[in-house]
Protein chains: 2
Amino acid sequence: MARYGKEHKEQTRRRIVETSGRRFKVDGVNASGIATLMADAGLTNGAFYAHFASKDDLVAGVVAEQLGGQREAIAALPADSGIEQIVRAYLSVEHPDHPGDGCPSAAMLDEIGRCDGVVRRAYTDGLLGVIDVIAARLEPDDPSSARVRVLATFAGMVGTLQLARALTDRHLSDQLLEQGVAHALANFAVADE
Amino acid sequence: MARYGKEHKEQTRRRIVETSGRRFKVDGVNASGIATLMADAGLTNGAFYAHFASKDDLVAGVVAEQLGGQREAIAALPADSGIEQIVRAYLSVEHPDHPGDGCPSAAMLDEIGRCDGVVRRAYTDGLLGVIDVIAARLEPDDPSSARVRVLATFAGMVGTLQLARALTDRHLSDQLLEQGVAHALANFAVADE
DNA sequence: ATTATCTATAGATCTATAGATAATGC
DNA sequence: ATTATCTATAGATCTATAGATAATGC
């Protein structure tokens, strides 16, 4: 094929990044091979290297795109919707069952912590984007003052969701999510005072 | 070699489980191959299957052993040492730099969430052992009343440690850990009232 | 004689590369 | 003519198995 103009190739790249993001969140980064990732996008293995220098390069792109999407989703919430709504949606009983549509941090955070600097920088930048839109909702007058407290509260939500996924006792898992909401709201409230 | 009596084989198995635990926490479960795990224990690939039915079987054994060790370490703390000491040790600035000696949940939780039921059951059982020794310290009279609150607080600590590892900004990472201590203590205090 | 471990290997899958192919823009 | 994608493959590594080996307990 060929010469669709730049936009076609860029569109293909975007498709690879999107389908890879879903696959990474469902199966894990390490467990997802390039042939599978490309098949998900309707392509074959060899075409991968026309778009990415390496698998790490893709992972960095996926991390940036996923966190950008999460930031947009939160920013798009109605202006009057509060922190409580964000927390309840995040720690809903459905979220653990749908990793492919879910939070990239909850699905990949321990793997990201072992990735090279390029991936971790993409993660750091992307996450701060997410944190800042939450902080802006919490403290519209001085968002940066809330940054670290929002960061720590978000980290707690991520750990809670991961743990809810790992537990085999569904009832306990649901209780955990409920308690997690209470903790997150209390921690955000401290940030609010 | 041979016939050292039962104990020799059991000792070897324990060694494999211990060195594998360290390797899993440093490199990840999926990224650690059996040949590497066995070499870490001073053995070769083929001997693995005399001890474990499959890699998942090893993972379940490692998860149980790691959480048992964490439970013992917490239970061994002096009786007068409080929750604050546990939290400060967990969220110390050194912990993120030493995954091999660190918390198994922080190193493996998202991978465990994708493992089969055998591994997740081993995780659930082992973690509840850890949670219960903490709950017993917090509420000696009625530990089970604090279980879910301790579970949710612990989940928050796990997420905080994972995030501290993923961020490339060391200063921000240290601020996060500090804020995480404040949140964990506040959440435990709620559990205490 | 027993058996824990080793050597060797099967068959699958991994990341990455090289050169062929085919579909479009000039 | 250009180039996005495909086919084919290299070389490494993965999990798992089969049979050989060697070191000890009886």
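Conditions tested, residue by residue: (1) within 16 Å of DNA strand D (Cβ to nearest atom); (2) in contact (Cβ under 8 Å) with a residue 24 or more places away in the chain; (3) of a type in the set (A, V, I, L, M); (4) out of contact with any Gly (no Cβ under 8 Å at 6 or more places or on another chain).
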residue: A:Pro78; (1), (2), (3), (4): no, no, no, yes
residue: A:Arg88; (1), (2), (3), (4): no, yes, no, yes
residue: A:Ile112; (1), (2), (3), (4): no, yes, yes, yes
residue: A:Val118; (1), (2), (3), (4): no, yes, yes, yes
residue: A:Ala122; (1), (2), (3), (4): no, yes, yes, no
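Within the stretch B:120-137, the set of residues being more than 7 Å from chain A (Cβ to nearest Cβ) and under 21 Å from A:Leu177 (Cβ atoms) comprises B:Asp125, B:Gly126, B:Leu127, B:Leu128, B:Val130, B:Ile131, B:Asp132, B:Ile134, B:Ala135.
Per the listing B:Gly21, B:Gly42, B:Gly46, the residue uniquely small (Gly, Ala, Ser), away from DNA strand D (no atom under 13 Å from the Cβ), out of contact with any Cys (no Cβ under 6 Å at 6 or more places or on another chain) and farther than 26 Å from A:Ala166 by Cβ is B:Gly42. I'd like to check something: does the stretch A:153-164 contain any residue that is polar (S, T, N, Q), touching a Leu at 6+ places or on another chain (Cβ under 8 Å) and either closer than 13 Å to B:Leu176 by Cβ or within 7 Å of chain B (Cβ to nearest Cβ) (or both)? The answer is yes, given that some residue of the stretch A:153-164 is polar (S, T, N, Q), touching a Leu at 6+ places or on another chain (Cβ under 8 Å) and either closer than 13 Å to B:Leu176 by Cβ or within 7 Å of chain B (Cβ to nearest Cβ) (or both).
Does at least one position in the stretch A:6-27 carry a residue that is crowded, with 21+ Cβ neighbours inside 10 Å, within 9 Å of DNA strand C (Cβ to nearest atom) and within 14 Å of another protein chain (Cβ to nearest Cβ)? So far as the stretch A:6-27 goes, no, none of its residues is crowded, with 21+ Cβ neighbours inside 10 Å, within 9 Å of DNA strand C (Cβ to nearest atom) and within 14 Å of another protein chain (Cβ to nearest Cβ).
Quick one: would you say B:Ala53 is without any contact (Cβ under 8 Å) to a residue 40 or more places away in the chain and within 13 Å of DNA strand C (Cβ to nearest atom)? Answer is no for this residue.
Here is a check on your reading of the model: is A:Val148 over 13 Å from the mean Cα position of the chain (by Cα), among the aliphatic types (A, V, I, L, M), more than 17 Å from B:Leu151 (Cα to Cα) and more than 7 Å from chain B (Cβ to nearest Cβ)? So A:Val148 fails the test. With respect to (1) surrounded by 15 or more Cβ atoms within 10 Å (Cβ to Cβ); (2) more than 17 Å from the chain's Cα centre (by Cα), the lone exception for B:Ala53 is condition (1). For the stretch A:1-76, give me every one of the helices (runs of 4 or more DSSP H) that falls completely inside it and has 2 or more residues that are under 24 Å from B:Val29 (Cβ atoms) and of a type in the set (Lys, Arg). Because the criterion is at least 2 residues that are under 24 Å from B:Val29 (Cβ atoms) and of a type in the set (Lys, Arg), the helices (runs of 4 or more DSSP H) in the stretch A:1-76 that meet it are A:6-27.
When B:Asp174 is tested against (1) without any contact (Cβ under 8 Å) to a residue 12 or more places away in the chain; (2) more than 19 Å from the chain's Cα centre (by Cα); (3) surrounded by fewer than 21 Cβ atoms within 10 Å (Cβ to Cβ); (4) closer than 30 Å to A:Gly117 by Cα, exactly one condition is not met: (1).
We did not get these values from a lab; they are worked out from the coordinates using the rules stated. Since this is a predicted model, take the numbers as computed values, not measurements. Note: ideal-geometry Cβ built from the backbone for every residue, glycine included; neighbour counts use all protein chains shown.
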